[in-house]
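The values are calculated or read from the model by the stated rules, or taken from the named source; none is laboratory data. Source: prediction; values computed, not measured. Virtual Cβ from ideal backbone geometry, glycine too; neighbours counted across all protein chains shown. Keep in mind that these areas ignore ligands, DNA and RNA; they rest on the heavy atoms of the full protein, side chains included. Shrake-Rupley method; radii C 1.70, N 1.55, O 1.52, S 1.80 Å.
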Amino acid sequence: MGGYFVPVIPQGVSTEPMEPTPSRQGRYDFNRIEKRWQKFWQDNKTFAAVDGDASKPKYYVLDMFPYPSGQGLHVGHPEGYTASDIVARYRRMKGFNVLHPIGWDAFGLPAEQYAIETGTDPRVSTQANIDNMRRQIKSLGFSYDWDRELSTTDPGYYQWTQWIFLQFFHHYFDETEKKAKPISELPIPTGLSEEARLAFIDEHRLAYEAEVAVNWCPALGTVLANEEVIGGVSERGNHPVIRKPMRQWMLRITKYADRLLEDLAEVDWPPSIKKLQADWIGRSTGAEVDFKIEGREDSIRVYTTRPDTLFGATYMVMAPEHALVGKITTPEKQAEVIAYREQAARKSDLDRTDLAKEKTGVFTGAYAINPVNNEKIPIWIGDYVLISYGTGAIMSVPAHDERDFEFATAFDLPIIPVVDPPQPEDQAMVRQGKQCFTGAGTAINSGEFDGLTTAEFKKRMTQWLTDHGLGHEAVNTKLRDWLFSRQRYWGEPFPILHTEGGRIVALPEDQLPLQLPHVDDYKPSGSGEPPLSKAHDWVHVTMPDGSQATRETNTMPQWAGSCWYYLRYIDPKNGEQAWDTEKEQYWLPVDLYIGGAEHAVLHLLYARFWHKFSYDLGLVSSKEPFKKLINQGMILGEDGQKMSKARGNVVNPDDVIKSYGADSLRLYEMFMGPLEATKPWNMQGVEGVHRFLQKAWRLIVDEDRGGLLDTVQEIQADETTLRRLHQTIQKVTRDTENFAFNTAISAMMILVNHLGKLKTRPHAVLESVVLILAPYAPHIAEELWALLGHSQSLAYEPWPQFDDQLAREKEVELAVQVGGKIKDRIVVAADADEDLIRATALASEKVVSALAGQAPKKVIVVKSRLVNILV
RNA sequence: GCCGGAGUGGCGGAAUUGGCAGACGCGCGGGAUUCAAAAUCCCGUCCUGGCAACAGGGUGAGGGUUCGAGUCCCUCCUCCGGCACCA
């Protein structure tokens, strides 16, 4: 990288020299300049990325594409977009073939909500919102390749979202190869009936239907994913959510849990985001253990991460929904158990997870046998045990698990300590069963295993269980399969048919896209029947054999379209396939992905999942889609509060652009502070960076007459100016590469302040200034570049090189401390050696008087920093 | 409760990662220019004392390591974000 190259102006560029904007009085007329250059870039397709250009290294800079809301942009959006645009423009000047696209994540609830309220077709409102947001985004001068613009709602796009779904449907996960394979290669046990064979196949598809207890939100009329439920209420709108069994489409993301976890090591993401993902996947290793039910042949299987505490299991708890509950409950406990189960089913997730509440449960009347010591222990049901995790049943070790301890205390169940804590101060209470201890220690009350450490005991017990056929090692994840259907209108229809015989069949690929039908009524039915079920003509289909079938009426969640949009950008118009694999090999992976931290888990996990699946199918060549990830921070209102319409503190970029221009807005967004930080808006700060641009303008332009100032001349820069220029190029280069845009701008301000003091200004220095400013404030830079006599866009001009020698200071000022306190400052040559520095420091009058005749014990010299004299 | 991140002037923030705390910008004060204003330019602006030179203090609180700590270690406080009975 680096070196020299011929600047390339993309095809279609105008050969007409660009004349500087004729401007009365030559003032910095940002509105005029910005419109003019935006038009130029558009007309000349200045930022068109060239597929497969082997003459340059490629660089793919991606923004998280926006939802086109009716509110339009707020100033939070341009923060990430400006950062990525600076990188894109900088990389072009560095000689990269840059792909920098934008599009619209346009399916989703707000448009549908609006449709329900007003009867407006979401296609219409969505298009209007896209048009408005496109206008806004264009007014910021981002260097997107607009020819690659896409919308997830476009049938030409969602055709391929549906196609990918079909691939999930047509594949299974091979456990030995740990990858997806065609369902036709699924090994099927022999001797199955036709019906059983088909059921076996359906059970292995990566996209499958299941009757699951889902998060049903009556207010929204839809099922929500676990991730969309925050603390028992819907993420959107804070409506209560209850559990309800429903037929749903699922994607088997859990099969990819290990790979999603392992491959985090490959990506350059903030460690905190990686950890969030790892915690979300929540992989744990433990053991599954079978507990015989007294007087029956069945046993209850539990999952535990602490097989070493088996001797302390004094009772068991099953989730209320557990299949065995009905079978094992004794007649006298029947009524109580049924009542409890009904109560639990009616509870919302909020009721069930509220921390403040007491543990509840009822005894089933049945007993199990602890396999390690043959003790008889009671079997309870309780809603603190989740049906969806592990086996839906637990062994309770109240001495060593907080939740079990609470439950045991509430119902007066026995507590047997089996782990002796290492801290002496905890031992007495724990040994008496009065305190719960969840850490590692030494085994007690565990028969032959006494004295083992927790870690050792875990291994030994797992082996013992295996040897005796009572259990085995097991792995669990918190990650659940992805609930992939929604009872909404405004989403991708599933390319699936339900036959008269109750079979599920895939729509042939040549019938894609399956278009979303027009309907008159967007309201959910309230019972869970999706709006599409009302599109009678669309739903009912006659099959080639004359039989009847109905279409799937659920739609896909909003995440679907955003799972693969970064792949469509590389080949957005392809009608034959989702993307061309050669283009994929050229452009992928995404080199830099910028977006909000709110997508740290869901979007990024889902997209990684689809990418890995595509990898198994040979559709992509990299394991991970996004090499480097940066989260921009939130921008707060001027009052330091989160921006919201209700608070009335929303800042609209349109207004800022009107008063100060897009360059000022861009610059301010970057100058506010570190990209990742949360920071409050301040309109006076915009004014500040605007003044800086004014100064830069007046450095070059004669405001009275227009055109170049007479003071701009073809002269040699003086030594100081040259040094400051090279220092600035160095700093701006380094800071831009490190995404430290705020300090890069600060460095440019310092340089411009210096140049402003010069009576005559070297033309060549000003050119460099304009070039390093260009990624940050591209419009004014283009205009000044033209004024400096250039006839073509600077977008592909080589980035100025800095010269280390020229940037170096000749003299440096050092602080001289006596006993750590600064007494004087000395100036020495930058290359002065330690002896000279020491001698100069000791010769200082102030130092001599501070020493007051004492001989220095030691003199510490830190070159170009300070001298510390110890007495 | 658990897991992250952060606390630096009146404000946003900077500090080459252990070496002169407060760069740059905002705000504020003073001055120049102007009939006047806007704009622009110059000077000042961490706190305390002093007319000043200067002296002392200072990066959420307390302790520690070090010649030297905003930066490293321990304890605590506050704010922000995430998770939330995952056995």
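Remarks
- Potential lengthening of the chain between A:Asn373 and A:Glu211 amounts to 54.5 nm, from the contour at 0.36 nm per residue minus the alpha-carbon distance.
- Tally of Lys pairs whose C-alpha atoms are under 15 Å apart, taken over region A:284-476, 8 or more apart or cross-chain: 4
- Charge tally in the Cβ shell below 12 Å around A:Ser547, where Lys, Arg are +1 and Asp, Glu are -1, A:Ser547 excluded: -1
- Region A:641-693: C-alpha gyration tensor shape, a/c 1.5 cut-off, then a/b vs b/c: oblate
- Share of carbon and sulfur in the accessible heavy-atom surface of region A:809-870 [1.4 Å probe, %]: 51 percent
- For chain A, the Kirkwood radius over C-alpha pairs fed into Stokes-Einstein at 10 °C and 1.306 mPa s yields D = 49 µm² per second.
- Here the spin labels are modelled as points 7 Å beyond Cα on the Cα-Cβ line, and at A:Ala335 and A:Gln801 they lie 9.3 nm apart.
- Hypothetical label at A:His536: residues of region A:491-520 whose amide nitrogen lies under 19 Å (7 Å Cα-Cβ projection): A:517-520
- For A:Lys58, net neighbour charge (Lys/Arg +1, Asp/Glu -1) across residues whose Cβ lies under 10 Å away: -1
- Residues whose amide H comes within less than 5 Å of that of A:Leu636, counting only those at least five positions distant or on another chain, are A:Lys679, A:Trp681 (H built at 1.01 Å from N in the peptide plane).
- For chain A, the solvent-accessible area with a 1.4 angstrom probe is 44 square angstrom per residue.
- Net charge in the neighbourhood of A:Trp160 (other residues with Cβ under 11 Å of its Cβ; Lys, Arg +1, Asp, Glu -1) is -4.
- Pairwise FRET efficiency - A:Ala219 versus A:Asp639, Cβ, R0 = 35 Å, nearest 0.05: 0.70
- For trypsin sites (Lys or Arg not before Pro), the sites in region A:557-603 that DSSP calls loop and that have at most 12 other Cβ atoms within 10 Å are A:Lys573.
- Applying the criteria of a DSSP loop state and at most 12 other Cβ atoms within 10 Å to the GluC sites (Glu not before Pro) of region A:502-599 yields A:Glu576.
- Share of carbon and sulfur in the accessible area of region A:88-216 stands at 52%, probe radius 1.4 Å.
- For A:Lys679, the aspartates and glutamates whose Cα falls under 19 Å of its own Cα, not counting residues fewer than eight places away in the same chain, are A:Glu79, A:Glu598, A:Glu638, A:Asp639, A:Glu669, A:Glu687.
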